[in-house]
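**Q** First the structure, which I've put down as structure tokens, then a few questions once you've had a look.
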Amino acid sequence: MDLNELIIRKPTSDDDLEKIAELLYNTDPYIYPYWFETLDKCKKELTPLLLEKNFFFALDHLYITIDSNNNDIIGVICILDKNDDLSYDYSELKKKNERYKFTIENYIEGLIEEVDNADFAYISNVCVDANYRGKHIGKTMLNYVIDIYKKKLYDYIVLDVLAENPGAIKLYQNLGFEQFTEVFQGFNDPTKKRPDVFSMKTK
Ligand SMILES: CC(C)(COP(=O)(O)OP(=O)(O)OC[C@H]1O[C@@H](n2cnc3c(N)ncnc32)[C@H](O)[C@@H]1OP(=O)(O)O)[C@@H](O)C(=O)NCCC(=O)NCCS
């Protein structure tokens, strides 16, 4: 694919929001299936939330990549920094079910607190449509977003990647990200001897 045929921009409410929800769901094989159970449920429940102001995955916190040949959305990145308003009130969502409550309290609220106090930007999601992988679209999207945040004079950009995702780790290393810590949550190894997640940052 000719990378000049890609359009990278922030999404609007006129875009295919279900497709954006689908790409967000596909960024991680644990959190989103745990949270929403199925892709269909995710599309139904996450899609309207994307329009909520100050929500973690609000449109303003996302970049999408479009194939200009067919106008399909083929990639998404969610990136946050302390200038983003992340003050969405999660209390109604928490009441909906235990899974939301658990995920929001342990995952999203923890990240929001970290980002709010930090001098770095945080990439929380990167996903390329499965039919378009291996064509340097992920690398192009990331370079685009990294350039924007470098101009905002952030010292560095942080992201977390599953230890079992060597392809993504290689991609990030090629872009200059280095591992600075590892997290043992016991997803893969209940004895917590093997790390589940690596935190990486740009130099
Ligand atoms: C990870 C992901 C975003 C990569 O996007 P992509 O467009 O397929 O990756 P690119 O083609 O831009 O890869 C750029 C470089 O990264 C490395 N890389 C990317 N995917 C790789 C893989 N599966 N295996 C080995 N290396 C890989 C390669 O070095 C590659 O360069 P090369 O092709 O010149 O060798 C994509 O595979 C994806 O969406 N996966 C599912 C969601 C996910 O895992 N997201 C990351 C969560 S942290």
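The values are calculated or read from the model by the stated rules, or taken from the named source; none is laboratory data. Because the structure is predicted, anything quoted here is derived from the model rather than measured. No Cβ is skipped: glycine too gets one built from the backbone with ideal geometry, and neighbour counts run over all protein chains shown. Protein only, heavy atoms only, side chains kept; ligands, DNA and RNA dropped before computing areas. Shrake-Rupley method; radii C 1.70, N 1.55, O 1.52, S 1.80 Å.
**Q** I need the full set of residues from the range 190-203 which are open to solvent by less than 20 Å² (accessible area, probe 1.4 Å) and either free of Cβ contacts under 8 Å to residues at least 40 places away in the same chain or among the acidic types (Asp, Glu) (or both), in order please.
**A** Selection gives Asp196, Val197.
**Q** Output the number of the condition that Tyr107 fails; it satisfies all remaining conditions of (1) in a loop (DSSP other than H, G, I, E, B); (2) within 16 Å of the ligand (Cβ to nearest atom); (3) hydroxyl-bearing (Ser, Thr, Tyr).
**A** With (1) in a loop (DSSP other than H, G, I, E, B); (2) within 16 Å of the ligand (Cβ to nearest atom); (3) hydroxyl-bearing (Ser, Thr, Tyr) applied to Tyr107, the lone miss is (1).
**Q** Could you list, in sequence order, the residues of the range 128-149 that are free of Cβ contacts under 8 Å to residues at least 12 places away in the same chain and under 26 Å from Phe55 (Cβ atoms)?
**A** Selection gives Asp147, Ile148.
**Q** Can you name the residue in the range 1-44 that is in a strand (DSSP E or B) and aliphatic (A, V, I, L, M) and, of all such residues, is surrounded by the most Cβ atoms within 10 Å (Cβ to Cβ)?
**A** Leu6
**Q** Identify all residues within the range 1-10 that are away from the ligand (no atom under 15 Å from the Cβ) and either touching a residue at least 60 places away in the same chain (Cβ under 8 Å) or within 18 Å of Ile104 (Cα to Cα) (or both); write none if there are none.
**A** Answer for the range 1-10, where residues must be away from the ligand (no atom under 15 Å from the Cβ) and either touching a residue at least 60 places away in the same chain (Cβ under 8 Å) or within 18 Å of Ile104 (Cα to Cα) (or both): just Ile7.
**Q** When you check Asn125 against the structure, is it without any contact (Cβ under 8 Å) to a residue 24 or more places away in the chain and within 15 Å of the chain's Cα centre (by Cα), yes or no?
**A** For Asn125, the condition - without any contact (Cβ under 8 Å) to a residue 24 or more places away in the chain and within 15 Å of the chain's Cα centre (by Cα) - is not met.
**Q** Is at least one residue of the range 180-196 near the ligand (Cβ under 9 Å from one of its atoms) and modelled with pLDDT of 90 or more?
**A** No, the range 180-196 contains no residue that is near the ligand (Cβ under 9 Å from one of its atoms) and modelled with pLDDT of 90 or more.
**Q** Has the range 137-149 got any residue that is assigned by TED's automatic domain parsing to the domain that holds Asn83, closer than 19 Å to Leu86 by Cα and either in contact with a Leu (Cβ under 9 Å, 6 or more places away or on another chain) or of a type in the set (Phe, Trp, Tyr) (or both)?
**A** yes
**Q** If you go through the range 113-142 one residue at a time, how many are more than 7 Å from the ligand (Cβ to nearest atom), assigned to a helix (DSSP H, G or I) and under 17 Å from Val161 (Cα atoms)?
**A** Of the residues in that region, 4 qualify.
**Q** Then there's this: Can you tell me which residue is farthest from the ligand (Cβ to nearest atom) among those in the range 147-179 that are small (Gly, Ala, Ser) and either open to solvent by less than 40 Å² (accessible area, probe 1.4 Å) or modelled with pLDDT under 95 (or both)?
**A** Only one residue fits best here, namely Gly176.
**Q** Name the pairs whose Cβ atoms lie under 7 Å apart, with the first residue in the range 19-37 and more than 16 Å from Ile108 (Cβ to Cβ), the second at pLDDT 95 or above and in a helix (DSSP H, G or I), and 6 or more positions between them or separate chains?
**A** Close Cβ pairs (under 7 Å, with a partner that is at pLDDT 95 or above and in a helix (DSSP H, G or I)) amount to Glu22/Leu39; Glu22/Lys43.
**Q** Look at Leu51 and say whether it is more than 16 Å from the chain's Cα centre (by Cα) and under 26 Å from Ala130 (Cβ atoms).
**A** yes
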